[in-house]
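Peer 1: Take this structure first; my questions come after.
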Amino acid sequence: MSGNMNLTLKVWRQKNSKATGKFVTYKTDDISPDMSFLEMLDVVNEGLVKKQEEPIQFDHDCREGICGSCALMINGQPHGPKKATTTCQLHMRSFNTGDTIVIEPWRSVAFPVVKDLAVDRSSLDRIQHAGGYVSVGTGGVPDANEIAIPKTIADEAFNSATCIQCGACVAACKNASAMLFVSAKVSQYALLPQGQTERYERAIAMVNQMDTEGFGGCTNTYQCEAECPKEIKVTNIARMNREYFNAEFLKDKKA
Amino acid sequence: MLNSKIPAGPLAQKWSKHKFDLKLVNPANKRKYDIIVVGTGLAGASAAASLAELGYNVKAFCFHDSPRRAHSIAAQGGINAAKNYRNDGDSVHRLFYDTIKGGDYRAREANVYRLAEVSVNIIDQCVAQGVPFAREYGGLLDNRSFGGAQVSRTFYARGQTGQQLLLGAYSALNRQINLGTVKMYTRSEMLDLVTIDGQAKGIVTRNLITGAIDTHSAHAVLLCTGGYGNVFYLSTNAMYSNVTAAWRAHKRGAFMANPCYTQIHPTCIPVSGDHQSKLTLMSESLRNDGRVWVPKTVETAEKIRKGEIKAKDIAEADRDYFLERKYPSFGNLVPRDVASRNAKICCDENRGVGKSGLAVYLDFADSIKRLGQPAVAARYGNLFDMYSQITDENPYESPMRIYPAVHYTMGGLWVDYNLMTTVPGLYALGEANFSDHGANRLGASALMQGLADGYFVIPYTVGDYLATIGPAPVDANHPAFAATKKEVEDKINTFLSLKGTKTVDEYHRDLGKLIWEYCGMSRTAEGLQKAKQLVQALKADFWKNAIVVGANEEVNQCLEKAGRVADFIELGELMIDDALDRNESCGGHFREEYQTPEGEALRNDDDFAYVAAWEFKGENTPEELHKEQLIFENVKLSQRSYK
Ligand SMILES: Cc1cc2nc3c(=O)[nH]c(=O)nc-3n(C[C@H](O)[C@H](O)[C@H](O)COP(=O)(O)OP(=O)(O)OC[C@H]3O[C@@H](n4cnc5c(N)ncnc54)[C@H](O)[C@@H]3O)c2cc1C
Ligand code: SF4
Ligand code: FES
């Protein structure tokens, strides 16, 4: 079953990280409003392959808004027009027939383009290698209910833990800052009793790695919060700044 | 020939005794051993981190750009553990019993008991890592009852238990990456297994960015590569989930067990059109408060399908709450296989709803009346939102439409009690192996099994093998590496030469339809025989007529898909053979010829209480069946009854 929406797509095509890219225009006239945005691209791709042309590359996997793979800049908005929605959960009924849709990759020096619309977000992994964990090994840990955590704290930590590492916050930010992402990670551990022992080293290590990766600084425009599909709050950033300053302070005292 | 290596002794002591009997690797020697872990979902990430902590050199691989994106991330409902925090009568033995029974007596007692035993450690481990499980106001962990279990043993993290557990395992993995004990290769796809003298010694991978084909050597290889549900094209699995790693290992000597055991989940959002790329699961917990029904008559259903009337226009007396009617004691909470099959029966009777007629209702009207809309929203709000986002319908006002969808594969690589496959040195963990769920998996048990395998089983069992072979380095220049690499390159070149007229996705869709029709929720010998011919024809056509564009030395999604779909086609044929061989019904495998007078699955324990393990014998040659008899010493086999 195909539909009858007419669309003009302006899609960023770039062969690899070294090549220069350009917009290519595609027209489609058989899109159903029930399709997801990515299913619409599937239809376009199937048409390209039929003509022995290379399909448009984009990251995706779960198509349920949880893996954080999908990452499209749609008409200048990360993940498109719908609030609190990932690209994969956006449906074509959010658009009108006759629309022109501009589709680009995330743009940031810390996210080099891999091909077309797919970017390399391994910088976000490396920030977590630097300290995004509690140093416990497998085995020899206390019974789970020996650590009681007040529900309000647990819920607050959970809110931070819902980040899906998509990078929309970076794409939305004029400085390409990763503060929202990093602060969500730092907050989860800073709030929980399990994270206390390494609390300050963690904040320093992760912030330093964030700087090394080339992400920009935060100038409090909060576009990140507006575009985050999981509605991560900028209060996390304030918390991380506190953590970081306390950590620096303690480090100076020790020195 | 198949030796399951189940330890002797009483059930409850097998694992402790076995752990004591296993050989240990001297701590100073551990760093001389290299271990390859393919896949970093729950099973792989937990294994890689735990083995690195022990001191082994670990090389971990995944095709994702980050381990955190593995399919495990999508699990919603929860994870079981026999903690008995509720004081409601749970115990290791009860979890063991429920799992064996739920699997319709087609799993190994010893493995299942061990799983139940270590389940309690998993929760402790995850909490120590900072996994934010749901808590009560007193600050202690909350539980819920899940999938019809009579006790509350499921731990959960809102509707995203999988993401939170995976982030826990991923954080443990990150710590080891930072310490330099794990080298992580992302966007790397394993395309073959290297064996030397029949033992696993390495893998061949393709770098998905550059196309570079590389070989990696190790003393042992662990496949933690997930399930093969995407053989059906449409499933609740993530789009990239595939069977390639397991299948290529199968072709190198690892037996494939019970491939026809697949789980079809009853509560998924129905297909809306041909463009559909995947199916979305609606958590099983919905059945706690929703009532499943279809119109009593074909005429009423017809009117619904044409849009002449709406669900709420149908009077109570004209509705058939078929699960409540047929199974008065379990009602809407019957196990997944039973719920799915009954939905199919109604739709086959032409009483299905929705435009396509391939849906039944899941109705919350009574619960909303009883509990009030806010209470229902508090329990299921996020699921209701997801439903309306996808369907553009409001489930608070009209019943949800649901239909069964492929969800999980109980079959997988055959492993012994140590999780070793039939290839020495090659292990399989998580959904990739066949081990613990028999013919049907209980809800919230896959996460448990993946983490049990990774955190608490493999760290013990792999050492036994390593101590036996010794720490001498693997010869990375052995000709087997170059030879296997060459085979991989040749295969890639063959794919790239396909310049036909049909896309790989079209083949995948055709395959999916065929397997769903003939080897899905219900099967017949006649249908399976027909399917075998169809799948062979599809395969022949694929190698003539598929289109693969582009080159190897670049990101090439056509090439990636072609490899995976070619393997799915071959697997599909084996699933059909397996389903044909099993002349009984059990769990998710329902053969229409074998049913009780009431239409329930009819097992044949005398002839089929075995694991079917298939051996690859060469291209286009029938596989050879090996049988591992299942011996039940601690449970009495009975007909499952949910009446
Ligand atoms: C929608 C949904 C909801 C679910 N909910 C629940 C639930 O509530 N409770 C429950 O217990 N279970 C649930 N399950 C089942 C459960 O999520 C899975 O069975 C489990 O997570 C599988 O984990 P895994 O580690 O074995 O594999 P996966 O998480 O699938 O990981 C596979 C890994 O292997 C890698 N890989 C695969 N092939 C290759 C290759 N060739 N080369 C390199 N890398 C490769 C991938 O990159 C990935 O890292 C659910 C499943 C679905 C589909
Ligand atoms: S904070 Fe939000 S936008 Fe940023 S990575 Fe996490 S989920 Fe994505
Ligand atoms: S594809 Fe997983 S979040 Fe969109």
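The values are calculated or read from the model by the stated rules, or taken from the named source; none is laboratory data. The structure displayed is predicted, hence computed values, not measured ones. Here the Cβ positions follow ideal geometry from the backbone for every residue, glycine too, while neighbour counts run over all protein chains shown. Surface areas here come from the heavy atoms of the whole protein model, side chains and all, with no ligands, DNA or RNA. Shrake-Rupley method; radii C 1.70, N 1.55, O 1.52, S 1.80 Å.
Peer 1: Tell me, which residues of segment B:156-170 get at least 20 Å² less accessible area when the other protein chains come in, versus the chain alone (1.4 Å probe)?
Peer 2: B:158, B:160, B:163, B:164, B:167, B:170
Peer 1: Viscosity 1.306 mPa s, temperature 10 °C: what is the translational diffusion coefficient of chain B from Stokes-Einstein with a Kirkwood Rh over Cα pairs, rounded to a whole number of µm²/s?
Peer 2: 63
Peer 1: Would you please calculate the Kirkwood hydrodynamic radius of segment A:122-250 over all C-alpha pairs and express it in Å, rounded to one decimal?
Peer 2: Values: mean 1/r = 0.0665 Å⁻¹.
Every distinct Cα pair counted, the radius reaches 15.0 Å.
Peer 1: Please give every one of the aspartates and glutamates within straight-line cross-link reach of residue B:499, meaning a C-alpha to C-alpha distance under 17 Å, and leave out same-chain neighbours fewer than 8 residues apart.
Peer 2: Those aspartates and glutamates meeting the cut-off are A:46, A:53, A:54, B:490, B:541, B:560.
Peer 1: Rg/Rh for the protein assembly as shown: what does it come to with C-alpha atoms and Rh from Kirkwood? Don't skip to the answer; put the middle values down first.
Peer 2: On the way: Rg = 26.2 Å, Rh = 27.9 Å.
The Rg/Rh ratio comes out at 0.94.
Peer 1: Give me the lysines in straight-line cross-link reach of residue B:296: C-alpha distance below 17 Å, same-chain residues under 8 apart excluded.
Peer 2: By straight Cα distance, residue B:296 reaches B:306, B:310, B:312, B:326, B:344.
Peer 1: Taking Cα centroids, how far is segment B:492-562 from segment A:218-245 in Å?
Peer 2: Measuring centre to centre over Cα atoms gives 47 Å.
Peer 1: Looking at chain A only, what percent of DSSP beta bridges run antiparallel? Nearest 5 please. Before the final figure, lay out each step's value.
Peer 2: On the way: 15 of 20 bridges.
Among the beta bridges of chain A, antiparallel pairing accounts for roughly 75 percent.
Peer 1: If you don't mind, another one. Tell me, what % of the accessible area of segment B:1-149 is carbon and sulfur with a 1.4 angstrom probe?
Peer 2: Working: 2520 of 4860 Å².
Within segment B:1-149, the accessible surface is 52 percent carbon and sulfur.
Peer 1: Another one. If you average the sequence gap of Cα pairs under 8 Å that are 6 or more apart and divide by the length of segment B:264-406, what percent do you get for the contact order? Could you put the intermediate results ahead of the total?
Peer 2: Details: 221 pairs, mean separation 50.7, N = 143.
Normalised by residue count, the contact order of segment B:264-406 is 35 percent.
Peer 1: Follow-up. Rounded to the nearest 100 Å², what is the buried accessible area between B and A, both sides summed, probe 1.4 Å? Intermediate values should be presented prior to the final figure.
Peer 2: Details: alone 24760 and 13260 Å², together 31580 Å².
Buried area (both sides, nearest 100 Å²): 6400 Å².
Peer 1: Out of B:41, B:179, B:277, whose Cα points farthest toward the positive end of the dipole of chain B (charges: +1 Lys, Arg; -1 Asp, Glu; placed on Cβ)?
Peer 2: Of B:41, B:179, B:277, it is B:179.
Peer 1: Which of the aspartates and glutamates could be linked to residue A:230 by a straight reach, that is with a Cα gap under 13 Å, when you skip same-chain ones fewer than 8 residues away?
Peer 2: Within reach: A:64.
Peer 1: Okay, next question. Using a 1.4 Å probe on the protein heavy atoms only, what accessible surface does residue B:154 show? Give it in Å² to the nearest 10.
Peer 2: Its heavy atoms expose roughly 0 Å² to the probe.
Peer 1: Shifting gears a bit: State the answer as a single residue: which of B:389, B:353, B:343 lies farthest towards the positive end of the charge dipole of segment B:300-401, with beta carbon charges of +1 for Lys and Arg and -1 for Asp and Glu, about the Cα centre.
Peer 2: B:343
Peer 1: Restricting to the protein assembly as shown, what percent of DSSP beta bridges are antiparallel, rounded to 5? Intermediate results must be reported in sequence, preceding the final value.
Peer 2: Values: 60 of 86 bridges.
Once the DSSP bridges in the protein assembly as shown are tallied, antiparallel ones form about 70 percent.
Peer 1: Here's another thing I want to ask about it. Given +1 on the Cβ of Lys and Arg, -1 on the Cβ of Asp and Glu, and no further charges, what dipole in debye does the protein assembly as shown carry about its Cα centre, rounded to the nearest 20? If you can, show how the numbers build up before the last one.
Peer 2: Working: 102 positive and 105 negative charges, 303 e Å.
In debye, rounded to 20, the protein assembly as shown gives about 1460.
Peer 1: Holding the Cα-Cα limit at 30 Å, pick out from B:101/B:627; A:15/A:174; A:253/B:30 the pairs that are longer than that. Display every interim value, and only then the final one.
Peer 2: Values: B:101/B:627 21 Å; A:15/A:174 26 Å; A:253/B:30 40 Å.
Distance filter (> 30 Å) returns A:253/B:30.
Peer 1: Next question. Skipping prolines and chain starts, which residues have an amide H placed within reach, meaning under 5 Å, of the one on residue B:257, given they are 5 or more residues away or on another chain?
Peer 2: Sorted by chain and number, the residues that satisfy this are B:412, B:413, B:414, B:614.
Peer 1: If you take the square roots of the eigenvalues of the alpha-carbon gyration tensor of segment B:53-135 and sort them as a ≥ b ≥ c, do you get rounded (a/c under 1.5), prolate (a/b over b/c) or oblate? Display every interim value, and only then the final one.
Peer 2: Numbers: a/c = 1.82, a/b = 1.50, b/c = 1.21.
Prolate shape, in that a/c is at least 1.5 and a/b is the bigger ratio.
Peer 1: Go through segment A:128-138 residue by residue and turn each phi into a ³J(HN,Hα) via Karplus (6.51, -1.76, 1.60, θ = phi - 60°); whole Hz please, and just put x for glycine and proline.
Peer 2: 7, 4, 5, x, x, 6, 9, 7, 10, x, 6
Peer 1: Return the FRET efficiency for the residue pair residue B:321, residue A:75: r is the Cβ-Cβ distance, R0 is 45 Å, and the value is rounded to the nearest 0.05. All intermediate terms of the calculation are to be shown ahead of the outcome.
Peer 2: Details: r = 47 Å, r/R0 = 1.03.
It comes out at approximately 0.45.
Peer 1: Give me the accessible area of residue B:247, 1.4 Å probe, in Å² rounded to the nearest 10.
Peer 2: Looks like 0 Å² after rounding.
Peer 1: Also, quick follow-up: Rounding to the nearest 20 debye, state how big the charge dipole of segment A:4-131 is about its Cα centre with +1 on each Lys and Arg Cβ and -1 on each Asp and Glu Cβ.
Peer 2: Numbers: 16 positive and 16 negative charges, 102 e Å.
With Lys and Arg at +1 and Asp and Glu at -1, about 500 debye.
Peer 1: From the cross-link list B:17/B:636; B:201/B:486; B:303/B:355; B:83/B:643; B:23/B:251; B:539/B:561, which pairs have alpha carbons spaced over 20 Å apart? Kindly include the intermediate steps, with their values, before the conclusion.
Peer 2: Numbers: B:17/B:636 25 Å; B:201/B:486 16 Å; B:303/B:355 10 Å; B:83/B:643 29 Å; B:23/B:251 30 Å; B:539/B:561 15 Å.
Flagged as over cut-off: B:17/B:636; B:83/B:643; B:23/B:251.
Peer 1: Right, another one. Please give the per residue accessible area of chain A, computed with a probe of 1.4 Å over protein heavy atoms only, in Å². Each step should come with its number before you reach the end.
Peer 2: Details: 10010 Å² over 255 residues.
Per-residue accessible area for chain A comes out at 39 Å².
Peer 1: Also, I was wondering about something else. Quick check: with the 1.4 Å probe, what order do B:573, B:489, B:517 take by accessible area, largest first?
Peer 2: Values: B:573 35, B:489 65, B:517 120 Å².
From most exposed to least exposed: B:517, B:489, B:573.
Peer 1: How big is the charge dipole of segment B:294-382 about its Cα centre, in debye rounded to the nearest 20, if each Lys and Arg gets +1 on its Cβ and each Asp and Glu gets -1 on its Cβ?
Peer 2: My answer is approximately 220 debye.
Peer 1: I would also like to ask the following. Which value, in Å² rounded to 10, gives the accessible area of residue A:212 with a 1.4 Å probe and all protein chains present?
Peer 2: 100
Peer 1: Further, regarding this structure: Shape verdict for segment B:124-277, please, from the Cα gyration tensor: rounded (a/c under 1.5), prolate (a/b greater than b/c) or oblate. Intermediate values should be presented prior to the final figure.
Peer 2: On the way: a/c = 2.01, a/b = 1.34, b/c = 1.49.
Here segment B:124-277 falls in the oblate category.
Peer 1: Relative contact order of chain B, please, whole-number percent, based on alpha carbon pairs below 8 angstrom and at least 6 residues apart.
Peer 2: Numbers: 1378 pairs, mean separation 130.8, N = 643.
Normalised by residue count, the contact order of chain B is 20 percent.
Peer 1: Sticking with this structure for a sec: Helix B:336-348 versus the longest principal axis of chain B: what angle, 0 to 90°, nearest 10, using Cα atoms?
Peer 2: 50
Peer 1: Suppose all protein chains stay in the model; what accessible area per residue would a 1.4 Å probe give for chain B, in Å²? Please list the in-between numbers first.
Peer 2: Details: 21570 Å² over 643 residues.
Computed with neighbouring chains in place, this is 34 Å² per residue.
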